[in-house]
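Structure first, commentary second.
The values are calculated or read from the model by the stated rules, or taken from the named source; none is laboratory data. Bear in mind that the values here come from a model prediction, so they are computed numbers and not experimental data. Backbone-built Cβ (ideal geometry, glycine too); neighbour counts: all protein chains shown.
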Amino acid sequence: MHKNKNIIKRIMATRGMGQVVTVTIGLIVMCLIFAVLNPSFYSTKNVSNLLRQIAPILLVGIGQSYVMITGNIDLSIGSVLGMSCMMSATLMTRGVPPWVAAFITLIACLVTGLLNGLLVAKFQLPAFIATLGTMQVARGVAQIVNGNYNTDAIGDAAQGFRDILYYGAFLGINNAVWIAVGIFLVFNFILSKTRTGRHIYAVGSNIDASRLSGVNVVSTTVKAYMVSAFCAFVVGIITCAAAGMGSMDAGTGYEMYAVAASVIGGVSTLGGQGILAGTIVGAAIWGVLQNGLQFAGAPVAMRNIVIGVIVVVSVLLDVIIRTGKKPKLTKKAD
């Protein structure tokens with residue numbers, strides 16, 4: 001019993017775990033409320049669809065979490081996703097084998113991540129401005145690769161590609177979910193157990209101190225942005241596999257999904273704090289809200305308002321907790 005208590009204490013002492021527990025309780029309460037409103041919420045079909053909805057949000061959330069822990073942000077993640085979808089689909093429709101097309105697309109996405117990291121860390125552009133620029137460039141590439149048109153169907157030759165990335169299932173769970181779980185395990189290990197992960201936290205906590213202690217700030221920041229680009233690439237080819245074609249609008253709004261999953265899950269907008277376990281919960285909350293409000297018959301506008309308010313409140317609480325600043329109430333003089 002005493003040993004179990006020590007294990008629990010060690011887990012709770014992990015940086016950011018308190019926030020994860022809090023949002024997990026919130027997630028459970030939300031699920032119970034939506035189940036009461038509509039018992040079909042817990043149907044096998046809806047749970048399967050819900051997991052498929054959460055998987056891409058989790059993946060972009062992982063990438064955004066890496067970047068945000070360094071104290072930066074990646075606004076280009078949705079456009080890189082769109083570039084991945086369009087570029088891979090265009091290559092496939094022109095006879096390039098699916099996995100070769102995916103590899104070429106991966107290189108293009110990683111180059112975008114490299115560019116983001118260099119602009120922010122080496123040339124010291126504000127992350128907001130740098131990634132806003134590359135967001136437009138990546139979206140432009142997505143539009144131009146097929147002459148400003150969505151692609152045709154990627155064809156029967158890509159059926160195996162589509163099955164592996166989306167339509168196939170293992171143990172009754174969609175392959176896209178397994179891919180998200182596998183990528184989470186890899187990047188969670190890197191962030192929590194390796195020197196690279198420690199450097200990412202150090203850069204986000206205090207960039208000057210980390211530089212003085214020998215951390216290569218440029219290299220660390222570039223790695224974080226390349227992780228973000230990689231995650232966007234994966235969601236892009238999954239989107240291509242799901243639709244069977246490339247869409248120029250793929251990834252639109254995903255920068256919001258990524259930030260929401262990270263912030264709701266406890267990743268600090270000020271850098272240096274957060275764990276990927278929280279990003280799972282943040283992505284789940286986003287997915288459950290979208291799905292549950294739809295089951296409850298809420299209009300799309302109301303869903304957007306609710307989710308937007310939750311994101312703003314999450315960021316506000318983070319700033320208050322991290323800076324110690326609380327709203328001041330002025331007292332009237334007697």
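Observations, loosely collected:
- Filtering ILE264, ILE320 for residues that are modelled with pLDDT of 85 or more and either of a type in the set (Gly, Ala, Ser) or farther than 30 Å from THR93 by Cβ (or both) leaves a single hit, ILE264.
- Top-ranked residue of region 301-323 - restricted to ones that are within 19 Å of ILE33 (Cα to Cα) and hydrophobic (A, V, I, L, M, F, W, C), ranked as surrounded by the fewest Cβ atoms within 10 Å (Cβ to Cβ): VAL309
- Test: residue in region 249-262 that is over 21 Å from VAL67 (Cβ atoms), out of contact with any Phe, Trp or Tyr (no Cβ under 8 Å at 6 or more places or on another chain) and either touching a residue at least 12 places away in the same chain (Cβ under 8 Å) or β-branched (Val, Ile, Thr) (or both): yes
- Applying the criterion of at least 3 residues that are out of contact with any strand residue (DSSP E or B) (no Cβ under 7 Å at 6 or more places or on another chain) and free of Cβ contacts under 8 Å to residues at least 12 places away in the same chain to the helices (runs of 4 or more DSSP H) found wholly in region 40-152 leaves 44-69, 98-117, 127-144.
- Restricting attention to region 239-261, the residues being acidic (Asp, Glu) and within 15 Å of the chain's Cα centre (by Cα) number 1.
- Residue check for THR269: farther than 18 Å from THR112 by Cβ, among the hydroxyl-bearing types (Ser, Thr, Tyr) and part of a helix (DSSP H, G or I): no
- Against the list (1) among the β-branched types (Val, Ile, Thr); (2) closer than 28 Å to THR131 by Cβ; (3) surrounded by fewer than 24 Cβ atoms within 10 Å (Cβ to Cβ), the condition VAL80 fails is (3).
- The one condition in (1) within 30 Å of GLY147 (Cβ to Cβ); (2) part of a helix (DSSP H, G or I) that THR279 fails to fulfil: (1)
- Where ASP74 falls short, out of the listed (1) at pLDDT 95 or above; (2) acidic (Asp, Glu); (3) exposed (fewer than 14 other Cβ atoms within 10 Å of the Cβ): (3)
- Answer residue from region 277-295, given it is surrounded by fewer than 24 Cβ atoms within 10 Å (Cβ to Cβ), among the polar types (S, T, N, Q) and in contact (Cβ under 8 Å) with a residue 24 or more places away in the chain and is farthest from ILE69 (Cα to Cα) among those: ASN291
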